[in-house]
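Quick notes on the structure that follows.
The values are calculated or read from the model by the stated rules, or taken from the named source; none is laboratory data. The structure presented is a predicted model; accordingly, all values stated were derived computationally and were not measured. Keep in mind that these areas ignore ligands, DNA and RNA; they rest on the heavy atoms of the full protein, side chains included. Shrake-Rupley method; radii C 1.70, N 1.55, O 1.52, S 1.80 Å.
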Amino acid sequence: MTAPEAESVRVRPGPPRRSEWRSQAPIVAVVAVGGALGATARYALTLAWPSPVGGFPWATFWTNVIGCAVIGVFMVLITDVWAAHRLVRPFFGTGVLGGFTTFSTYAVDIRRLVDAGHPRTGLAYLAATLFAALAAVWLASAAARPVLTRRQR
């Protein structure tokens with residue numbers, strides 16, 4: 001085989017090595033545990049505050065807004081204030097907050113509202129959730145940064 005031919009031959013990667021899985025296993029585990037905790041909290045909130053058929057889904061709305069605000073503060077904490085353990089971000093950010101916030105339910109709620117003959121409520125819910133969630137993460141991080149980083153100095 002000539003040199004140009006040898007350069008064009010590529011070796012296909014095999015299955016992940018056992019040591020790679022061992023390094024990822026703790027991350028997968030903390031995401032799963034965190035997700036279970038967050039989803040349980042979200043479910044409890046929807047049981048405590050059910051939405052009437054055709055009504056604005058307030059429980060899901062506030063779950064997403066509160067979760068986004070917490071994400072904003074959390075990101076300031078782990079990026080500007082302290083060096084977190086490598087499992088904190090996957091556990092709390094991806095697991096707990098990922099399980100708590102529920103944009104899949106948000107999409108299902110919109111569909112249910114439209115299918116039930118309430119397209120204006122569905123559109124209002126779509127726009128309000130998007131605006132409020134983005135505003136919450138921005139405002140929470142903007143408010144948290146000066147307070148939390150001042151304590152750092």
Heavy-atom accessible surface of the chain: percent carbon and sulfur, 1.4 Å: 67 percent
Gaussian network model of the chain, Cα within-10 Å springs - most flexible of Pro90, Pro57, Pro26: Pro26
Considering only protein heavy atoms, what per residue accessible area in square angstrom results for the stretch 21-153 with a 1.4 angstrom probe? 60 Å²
Which of Leu134, Leu97, Leu47 ends up with the largest GNM mean-square fluctuation for the chain, with Cα atoms connected below 10 Å? Leu47
Taking the chain as a Gaussian network, Cα atoms linked when under 10 Å apart, which of Gly34, Gly55, Gly67 shows the biggest mean-square fluctuation? Gly55
The ³J(HN,Hα) series, computed from each phi in the stretch 19-29 with the Karplus coefficients 6.51, -1.76 and 1.60 at θ = phi - 60°, rounded to the nearest Hz and given as x for glycine or proline, is 5, 5, 5, 4, 6, 8, 4, x, 5, 4, 5
Quick one: 3J(HN,Hα) in Hz for the stretch 131-144, Karplus 6.51/-1.76/1.60 with θ = phi - 60°, rounded, Gly and Pro as x. 5, 5, 5, 5, 5, 4, 5, 5, 5, 5, 5, 5, 6, 6
Return the Rg/Rh value of the chain, two decimal places, where both radii are evaluated on C-alpha atoms and Rh is the Kirkwood radius. 1.18
